[in-house]
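What follows is a short report on a single structure.
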Amino acid sequence: MVELHRESESFGDHSLSEKRRQDKGLLLSGGTEEVNLTGPEPGMAEAEVFYGKILGCVRSVFDRVGEGKEDRIKAEDIVGPLEEFYGYFDMFRDSNDLMRLVFQHDEYRENYIYTHSVNVCFLSVRMALELNFSKSKLLDVMAVSLFHDIGMMKVPMDMWNTDRKLSPFEYREVQRHPVYGEEILGNISGIADTALQAVGQHQEKTDGTGYPGGLTKDSINYLARMVSLVDRYEALTHSRLWRPPFLPDKAIQQILDNESGSYDPHFMKAMLRYISVFPVATWVKISSGEIGVIVRINEDTPMRPVVNVIFGRDGNRLPGARSLDLSKQLLIHVDKCISREDLPGQA
């Protein structure tokens, strides 16, 4: 998604520190030293490899469009990899590793469109799996979410990866990207018509305020309604040249308070339950005054996740991470998400 307005709020960067590996444990920086917060994560290395593979696919296809060589994109460049990627997603069906990667990858200064596309795919598939989509529908979700912004490669980059105000002409040109995307993918065999339609409609809003057609809910493809919401959430929670990322709870608050009429309530509920106000790998302050990181979402009680507590009430690092399942500690709750820069010792 390209945000054509500029939010004035600044909520800081909640993204994880530069990742490193030691004994396959996920290391997060919290102060001047690194600590192992989540213990051994045997699937994390494989998840990182998968992220790189799917990112490479997106970059290869997008770059050909950017070079004016979209006629060289073949079905095997997209349809074949989607089948392979489905196998990975199925393997990681019950894992939080992919969610961690979504918030680690925020490469907006280079060209955010690649990682944005992969992140939207990971989040969309997470929701689709939990909603029990069939394999064929999951493949459609993957196609739409990975390539929803492919049409942006037909638009000059300085119109959409910039911190300046767009002219009316530039604004209209950026709004053409769903149409361009549907046209590009329509020339590739093997992509379902419903996926093509969803790419062309992914900027439509259920209240009719979207583009390019100003459609309302009943007229909008269901995949487009799903990806539209995830697209917005991913964009808010990741950096852009003109603003830092919203923290996850603030992003949800922004959508619920100001944009709820724009999105399908069915998918809003699914996002709140399966992606959560407090997603995995987010730093939080809990009501006890302690600070920790989310390591697991309790799907039946998503507002009460499992937290690894790292800093005590006094701001000092604990000798070791203490796991706290808030679904069983009813007198304690998450107070708010915090940015890494606000962790003790970061001033």
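Rule-of-thumb check for region 243-333: C-alpha Rg over 2.2 N^0.38 Å? Before the final figure, lay out each step's value.
Details: Rg = 14.5 Å, N = 91, 2.2 N^0.38 = 12.2 Å.
In units of the globular-protein estimate, region 243-333 measures up at 1.18.
I'd like the distance between the alpha-carbon centres of region 250-308 and region 112-130, rounded to an integer number of Å.
A separation of 17 Å, based on Cα centres.
Could you point to the residue in PHE133, HIS177, SER60 farthest towards the positive end of region 21-248's charge dipole, with +1 and -1 charges on the Cβ of Lys/Arg and Asp/Glu respectively?
Result: HIS177, furthest along the dipole toward the positive end.
Between LYS135 and ASP77, what is the FRET efficiency for a Förster distance of 25 Å, r being their Cβ-Cβ separation, to the nearest 0.05? Can you show the working numbers first?
Details: r = 21 Å, r/R0 = 0.83.
So, using R0 = 25 Å, E works out to roughly 0.75.
How long are the semi-axes of the equivalent ellipsoid of region 296-347, taking √(5λ) for every eigenvalue λ of the Cα gyration tensor, in whole Å from largest down? Intermediate values should be presented prior to the final figure.
Numbers: eigenvalues 97, 33, 17 Å².
So the three semi-axes of region 296-347 are 22, 13, 9 Å.
Could you pull out every one of the lysines with an alpha carbon less than 24 Å from that of LYS74, ignoring same-chain neighbours closer than 8 positions?
LYS53, LYS135, LYS137, LYS154
If the only charges are +1 at each Lys and Arg Cβ and -1 at each Asp and Glu Cβ, what is the size of the charge dipole of region 21-248 around the Cα centre, to the nearest 20 debye? Working shown, then result.
Numbers: 25 positive and 35 negative charges, 99 e Å.
Computed about the Cα centre, the dipole is about 480 debye.
Provide the net charge surrounding LEU196, with neighbours chosen by a C-beta distance below 10 Å and charges set as Lys +1, Arg +1, Asp -1, Glu -1. Walk me through the numbers on the way to the answer.
Values: positive: none; negative: ASP140, GLU182, GLU183, ASP193.
Once all neighbours under 10 Å are counted, the net charge is -4.
Which is farthest toward the positive dipole end of the chain among LEU331, GLY80, VAL49, measuring Cα position about the Cα centre, with Cβ charges +1 (Lys, Arg) and -1 (Asp, Glu)?
Ranked along the dipole, the leading option is LEU331.
Have a look at ASN308, LEU146, GLN203 and report the one farthest towards the positive end of the charge dipole of the chain, computed about the Cα centre with Cβ charges (Lys/Arg +1, Asp/Glu -1).
Farthest towards the positive pole: ASN308.
Quick one: Kirkwood hydrodynamic radius for region 21-248, alpha-carbon pairs, angstrom, one decimal? Don't jump to the answer; show the numbers that get you there.
Values: mean 1/r = 0.0545 Å⁻¹.
Result for region 21-248 stands at 18.4 Å.
Laboratory data are not the source of any read-out in this text; all were calculated from the coordinates shown. Because the structure is predicted, anything quoted here is derived from the model rather than measured. Here Cβ is always computed from backbone atoms with ideal geometry, including for glycine, and neighbour counts include all displayed protein chains.
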